[in-house]
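Everything below concerns the one structure shown next.
The values are calculated or read from the model by the stated rules, or taken from the named source; none is laboratory data. The model shown is predicted, which means the values in this text are computed figures rather than measured ones. Here the Cβ positions follow ideal geometry from the backbone for every residue, glycine too, while neighbour counts run over all protein chains shown. Ligands, DNA and RNA are stripped out before the accessible areas are found, and what is left, the full protein with its side chains, is counted by its heavy atoms. Shrake-Rupley method; radii C 1.70, N 1.55, O 1.52, S 1.80 Å.
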Amino acid sequence: MTRPRTVLIVSPYFPPSNLACVHRARHLANHLPAAGWTPVILCVDDRFYEQEPDPLLGSLVSPALEIIKVSALQARMTRRFGIGDLGLRAWPALSRRAADLLSTRRIDAVLITGSPFYPMLMSRWIEPKFGVPVVLDFQDPWVSAWGGDQKPLSKAGLSHQLALRLEGPALRKARFVTSVSERQNQELAARHSWLDTSRMAALPIGGDPGDLDLLGTMPGTRQSRLDPAMINLSYVGTALPRSQGLFQALLKGLAEMRARQPRLAARLRLHFIGTSNQANGGDTFSILPLAEAEKVADLVVETPQRLAYAEALGLMAESQGLLLVGSDEAHYTASKIYPALLTRRPYLSLFHRLSSAHAFLAAAGGGINFSFADANGLAGLAQDIAAGLERLALDPASLGQARRDLLEPFSAKAIAGRYGAIFDGLR
């Protein structure tokens, strides 16, 4: 008989956290057993999270899953010294518990997923000391173009300098590296010429069709955020600093559409939900100022607070159409596109031309896809976006449905199968 194989997944955040970074570990935890691997989750106890828990998201985790939780320094203490990162606050506890597990149990592989990224530094000693191979998973870039644009002596600038110095040591002892896009892998390899690109893979977060079961468990008395008298088009997610130009282009398109179709525009409401990425970020508006500048603020509703996953999924399913917006960085891959496509709602997308998200959406269909190569190209899209908004509002049925055969390789089960094959190849 084949001996069961075990992978230790280090993911500081895990459900009931409702941060986007939990979905990689959540999907793998539920679907790796079908690929022949038993997952064990090492995370931080949710008592030390700063965000409100999402019990419904927690209910999607298999009850048979072994979850080991550790403590961390409380953020209210560490923020006095400018430290809020959970990976730093929990570093001693995560390191000790990982070492204890590796020395007392049979662990065949370790996956460390980020962000937060600092736990990836455990790769420096795990295989040399315990002989267990490590896979590092970059859900976002640790070293980013945005970080490079920050003032060197600012907190963000100093974090970027630290990332530049620590990324290489973390990668040196990793046996395999994954990220969410080929572009991100190329940028990693360009920074570290010694990386073996044959031991790298681009694996998007993907989506789980089972998540739609959440919609049936939501309270029936929940008041919708959408006005049923309007045509509601919704963007759900963070408004990233390097997405501002894209939102501005979208709103210029809305202004152009209003000039051409004032009656239709009066029936439109563009919703931007969770733009601050903070559960308590109710006064951090980033879209409304742009809408005011384009004189379309009366057509825009911004809710900066991040929603719980189930509510966000429900809002997308209730909308007449979805807005999928990336950033000006080519590596950017929006994890939200897969749950959005699962809702089978028509969409309008705007991504960098080299983004894997744009390539995937253009191939999958079911929406209107816009792309750009540079700032000049983005600035010239207003009229096309206006026409796209008109079509999305007036004739969404003409957009058809996204191809299910193209969605399947990006399902949580399929992605877990690919990770299982990676772990198999580490032996």
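Looking only at segment 53-88, filter to residues that are assigned to a helix (DSSP H, G or I) and in contact with a strand residue (DSSP E or B) (Cβ under 8 Å, 6 or more places away or on another chain); which one of those is nearest to P119 (Cα to Cα)?
Step by step, filter segment 53-88, then rank; the result is G87.
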Does any residue in segment 354-373 that is free of Cβ contacts under 8 Å to residues at least 60 places away in the same chain and within 21 Å of R391 (Cα to Cα) come within less than 7 Å, Cβ to Cβ, of a residue that is assigned to a helix (DSSP H, G or I) and open to solvent by 50 Å² or more (accessible area, probe 1.4 Å) six or more places away or on a different chain, and which pairs are these? I368/R391; N369/A362; F370/D384
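Can you tell me which residue in segment 173-183 is surrounded by the most Cβ atoms within 10 Å (Cβ to Cβ), limited to those that are modelled with pLDDT of 90 or more and of a type outside the set (F, W, Y)?
Of everything passing the filter in segment 173-183, V177 is surrounded by the most Cβ atoms within 10 Å (Cβ to Cβ).
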Residues satisfying the stated conditions in segment 117-129, i.e. open to solvent by less than 10 Å² (accessible area, probe 1.4 Å) and not polar (S, T, N, Q): P119, M120, M122, I126
Test each condition in (1) small (G, A, S); (2) over 19 Å from D85 (Cα atoms); (3) within 18 Å of the chain's Cα centre (by Cα); (4) open to solvent by 10 Å² or more (accessible area, probe 1.4 Å) for A35 and report the one that comes out false. (3)
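If you scan segment 157-203, which residues turn out to be of a type in the set (G, A, S) and either in contact (Cβ under 8 Å) with a residue 12 or more places away in the chain or closer than 25 Å to V10 by Cα (or both)?
Matches in segment 157-203: S159, A163, G168, A170, A174, S179, S181, A189, S198, A201, A202.
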Hey, could you check segment 51-65 for residues that are open to solvent by 90 Å² or more (accessible area, probe 1.4 Å) and touching a residue at least 12 places away in the same chain (Cβ under 8 Å) and say which is farthest from L212 (Cα to Cα)? E52
I need a count of the residues in segment 302-313 that are in a helix (DSSP H, G or I) and either open to solvent by 20 Å² or more (accessible area, probe 1.4 Å) or in contact with a Phe, Trp or Tyr (Cβ under 7 Å, 6 or more places away or on another chain) (or both). 2
If you take the residues in segment 130-158 that are surrounded by fewer than 17 Cβ atoms within 10 Å (Cβ to Cβ) and out of contact with any helix residue (DSSP H, G or I) (no Cβ under 8 Å at 6 or more places or on another chain), which one is farthest from H23 (Cα to Cα)? L153
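A quick yes/no check of all residues on (1) under 21 Å from R165 (Cβ atoms); (2) in a helix (DSSP H, G or I); (3) out of contact with any Gly (no Cβ under 7 Å at 6 or more places or on another chain); (4) at pLDDT 95 or above:
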residue: L102; (1), (2), (3), (4): no, yes, yes, yes
residue: I107; (1), (2), (3), (4): no, no, yes, yes
residue: M120; (1), (2), (3), (4): yes, yes, no, yes
residue: I126; (1), (2), (3), (4): yes, yes, yes, yes
residue: K129; (1), (2), (3), (4): no, yes, yes, yes
residue: L136; (1), (2), (3), (4): yes, no, yes, yes
residue: P141; (1), (2), (3), (4): yes, no, yes, no
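Grab the strands (runs of 3 or more DSSP E) fully contained in segment 184-301, keeping just those with 3 or more residues being at pLDDT below 90.
268-278
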